[in-house]
Amino acid sequence: MHNKKIVLALMALSFWSAQAQKRIQEVEVLLNKMTIEEKIGQLNLLTPGGGVATGEVVSKDVESKIKNGQVGGLFGVSGPEKVRIAQEIAVNNSRLGIPLLIGSDVIHGYKTTYPIPLGLSSSWDMELVKQAAQMAAKEATADGINWNFSPMVDIARDPRWGRISEGAGEDPYLGSKIAEAMVKGYQGDDLSATHTMLACVKHFALYGASEAGRDYHTVDMSKIKMFNQYLPPYEAAIRAGAASVMSSFNDVDGVPASGNSWLLTDLLRDRWGFGGFVVSDYTSVNEMIAHGLGDLQAVSALALKAGLDMDMVGEGFQTTLKKSLDQGKVTETDITNACRRVLEAKYLSGLFDDPYRYLDPQRAKKDILAEDNRALARKLATHSFVLLKNHNNILPLKKAGKIALVGPLADSRENMLGTWAPTGDFNLAVTILEGFKNVGAGAIIQFAKGANISDDTDFAKNVNALGERIVIDERSSETMLKEAVDLTNTSDVVVAVVGEASEMSGESSSRTDISIPESQKRLIRALVDTGKPVVLVLMSGRPLTISEELDMPVSILQVWHPGVEAGNAIADVVFGDYNPSGKLTATWPINVGQIPIYHSAKVTGRPAPESGEFQKFRSNYLDAPNTPLLPFGYGLSYTTFEYSDLRLSKKEIGRGESISATVTVKNTGDHTGEEVVQLYLRDMVRSITPPKRQLKGFQKIKLKKGERKEVTITLTPDDLKFYDAQLEFVSEPGEFKIFVGTDSNADLSESFILR
């Protein structure tokens, strides 16, 4: 079985060759030379200690462990010079000279940060997603990194969960396409190339379904739901050749993921054929003690036996596995298999051929923050923005007249990169004020802060735990508000930049109230009361509850957290140099009471009326409709599109046959624009309850004013399949209904029969 898994992994990575077979043999030769302590050492992933602040690459303790062969990899070390010192210690001063993996969290760009992943997913452009990952890999490897803790592919349907910002939203089909594109972007066709890096798929598994949207919380769901709705993106990433996987903090079927043998062995290795290595999330092995599974020795043995190969930071493997081996709680084969998988990854990265292959100082000078990288980051940002409302078609603005640019995020450099950008430098970010002056040079642009992000000092303290992101002004709220209103009254239009600070979403940033903070709501109300045209530039790392704002006579452009080129990109769209084409990848609720709300929910036995009218003894609320504020797939343009003439290639197909849907799309507005044509499918009758509709295809097109185009989307036999009660991937005969349109409320439909 083990050799079969290696073959599958190598085939997926295009490495199945005589050279690859030679490397497998070299790993076995090396394993035969290793002591049990050295094998355990390869399972140890550390981060530098306090010595970094005094100029040393690693602390003395870590350095001695590297020399003793007790470290398989490091993270938190970067730069060719620093990484070289660490690598030289491993290669020249340990008995066997085994090089180190050097990891990093490169979540949405390295130094050239681009939009948070939830924003990037809103582009619905897989080629751009792949280019983003390629650029991140090129920069990170130029700085000595060879392993990336990305992509995060967790399906998330609860926007209270802060880490929804790091993924692709709620849909398994779109999430699978993005997972595949990112893995291929990071790893390319040759992992030993100096511009590619090992990808690490996380968090395996189900982390996005934590109860109550609270980070690190428990997860409990049926296997049918897992297989049909949550697992597909992980599997897609594995099929794309991902070299490593990171276990999640949560439990799965009552067993923490880092010690879950069904998850890490039965599913990941035996069912999916994964041949790479599995690393724990930060101290997640140790955290199984708090979960209630025993002491450090017990949980470390449990994790190894379950299929975990590398322990991040906790050092439980390093300090207890030898004792567990002596006591018969683990076997030498368990340790050897884990070590083998780590060594194979190092061979695939070319580290045994040249441990210093990623350490060219000239590359760091040339490839990091290069002009073409920043240009791509700007393009990625413009394509991620979603136009939620365009009141009186006020957008795009003219590059003329007087524009009041207000809001606590309009000139807030530290909030442009977004959450989980540890490798970026917000000092290099372009503020929105700077971007407006760069792009809208013909206009008179004046700024007023208007409000704090939040006036709540306790909330600000929590948000600012890792650095100040909410700055509470010394001036009173009334003084700031008056300044903004006075400026607006003397201007032609006001653009208010409002929403979340970067650390109001992300890890350990769950919120029970996902509305715009009250301090900013007061500002928005006051601006609307002036009677001037109001454009809201909305910045957030999650869907927000904006029912009040959407009802106002305002235009709203959702920009997420756009990255280092934030200001320029936002100005490009506001002034019409680019027509927004983004579409939401997560449903926006009316209020938190609707959560979880998502487009592929099931129809119950007592469905509410299609009209939305309340009926007693039906599945509805007394105080709100079932429908969301903004549906999955939603996004406007400065132009308009008309759909017509939907037709299918066949009315009846047999198993194993494909079917195509063709629709005519016409640009009926006054601007060239891009549209994401979306296809949804409903299986009308089957052996387990079907979702109301599921995304099964999409295509992004560009049309000039008045242009029309026929768009064809083909469904493969697998697109008609699902996991049944026995967890078999099957299709069943019967009627299917196809919906095609601009979002998940698409109403053009046709039916066909599967024999």
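Brief remarks follow.
- Filter result (open to solvent by 10 Å² or more (accessible area, probe 1.4 Å), in contact with a Ser or Thr (Cβ under 8 Å, 6 or more places away or on another chain) and not aliphatic (A, V, I, L, M)) within segment 337-361: Asp353, Arg357, Asp360
- Residue within segment 300-307 that is of a type in the set (Lys, Arg), assigned to a helix (DSSP H, G or I) and either in contact with a Lys or Arg (Cβ under 7 Å, 6 or more places away or on another chain) or modelled with pLDDT under 95 (or both) present: no
- Per the listing Asp719, Asp743, the residue uniquely under 24 Å from Glu127 (Cα atoms), open to solvent by 10 Å² or more (accessible area, probe 1.4 Å), touching a residue at least 12 places away in the same chain (Cβ under 8 Å) and assigned to a loop (DSSP other than H, G, I, E, B) is Asp743.
- Boolean, Ala236 is farther than 25 Å from Asp311 by Cα and among the small types (Gly, Ala, Ser): no
- Leading residue by the ranking (surrounded by the fewest Cβ atoms within 10 Å (Cβ to Cβ)) among those in segment 483-508 that are at negative phi and touching a Ser or Thr at 6+ places or on another chain (Cβ under 7 Å): Asn489
- Unique residue being in a loop (DSSP other than H, G, I, E, B), free of Cβ contacts under 8 Å to residues at least 40 places away in the same chain and open to solvent by less than 40 Å² (accessible area, probe 1.4 Å) when the list is Gly275, Gly294, Gly241: Gly294
- Any hit, segment 353-366, residues being touching a residue at least 60 places away in the same chain (Cβ under 8 Å), among the charged types (D, E, K, R), in contact with a Gly (Cβ under 8 Å, 6 or more places away or on another chain) and part of a loop (DSSP other than H, G, I, E, B): yes
- Residue count for segment 725-736 satisfying the condition of being in contact (Cβ under 8 Å) with a residue 40 or more places away in the chain, open to solvent by less than 60 Å² (accessible area, probe 1.4 Å) and out of contact with any helix residue (DSSP H, G or I) (no Cβ under 9 Å at 6 or more places or on another chain): 1.
- Residue check for Thr689: within 27 Å of Thr627 (Cβ to Cβ), open to solvent by 60 Å² or more (accessible area, probe 1.4 Å) and at pLDDT 95 or above: yes
- Taken together, Arg525, Arg511 contain a single residue that is under 29 Å from Ile155 (Cβ atoms) and either touching a Cys at 6+ places or on another chain (Cβ under 9 Å) or surrounded by fewer than 24 Cβ atoms within 10 Å (Cβ to Cβ) (or both), which is Arg511.
- Single unsatisfied condition, Ala624 versus (1) assigned to a loop (DSSP other than H, G, I, E, B); (2) open to solvent by 40 Å² or more (accessible area, probe 1.4 Å): (2)
- Residue match in segment 98-109 (condition: out of contact with any Phe, Trp or Tyr (no Cβ under 8 Å at 6 or more places or on another chain), at pLDDT 95 or above, farther than 22 Å from Phe277 by Cβ and crowded, with 24+ Cβ neighbours inside 10 Å): yes
- Verdict on Tyr638 being closer than 23 Å to Asp125 by Cα, part of a loop (DSSP other than H, G, I, E, B) and of a type in the set (Phe, Trp, Tyr): yes
- Of the residues making up segment 297-311, just one is surrounded by fewer than 24 Cβ atoms within 10 Å (Cβ to Cβ) and either in contact with a Phe, Trp or Tyr (Cβ under 9 Å, 6 or more places away or on another chain) or within 12 Å of Ser280 (Cα to Cα) (or both), namely Ala306.
- Of the residues making up segment 595-618, one or more are at positive phi and open to solvent by less than 60 Å² (accessible area, probe 1.4 Å).
- Flag if Phe426 is closer than 27 Å to Ser509 by Cα and among the aromatic types (Phe, Trp, Tyr): yes
- Test: residue in segment 595-609 that is touching a strand residue (DSSP E or B) at 6+ places or on another chain (Cβ under 7 Å), in a loop (DSSP other than H, G, I, E, B) and at pLDDT 95 or above: yes
- Residues that are buried (at least 17 other Cβ atoms within 10 Å of the Cβ) and over 21 Å from the mean Cα position of the chain (by Cα), drawn from segment 370-387: Ala370
- Arg469 basic (Lys, Arg), open to solvent by less than 50 Å² (accessible area, probe 1.4 Å), outside any helix (DSSP H, G or I) and within 15 Å of Pro408 (Cβ to Cβ): yes
- Looking across segment 194-207, just one residue is without any contact (Cβ under 8 Å) to a residue 60 or more places away in the chain and out of contact with any helix residue (DSSP H, G or I) (no Cβ under 7 Å at 6 or more places or on another chain), and that is Tyr207.
- Subset of segment 136-152 (residues that are in contact (Cβ under 8 Å) with a residue 60 or more places away in the chain and open to solvent by less than 10 Å² (accessible area, probe 1.4 Å)): Ala137, Glu139, Ala140, Thr141, Ala142, Gly144, Ile145, Asn146, Trp147, Phe149, Pro151
The values are calculated or read from the model by the stated rules, or taken from the named source; none is laboratory data. All values reported here derive from a predicted model rather than from experimental measurement. Methodologically, a virtual Cβ is constructed for each residue, glycine included, from the backbone with ideal geometry; neighbour enumeration extends over all protein chains shown. The accessibility values were calculated without ligands, DNA or RNA, using every heavy atom of the protein model including side chains. Shrake-Rupley method; radii C 1.70, N 1.55, O 1.52, S 1.80 Å.
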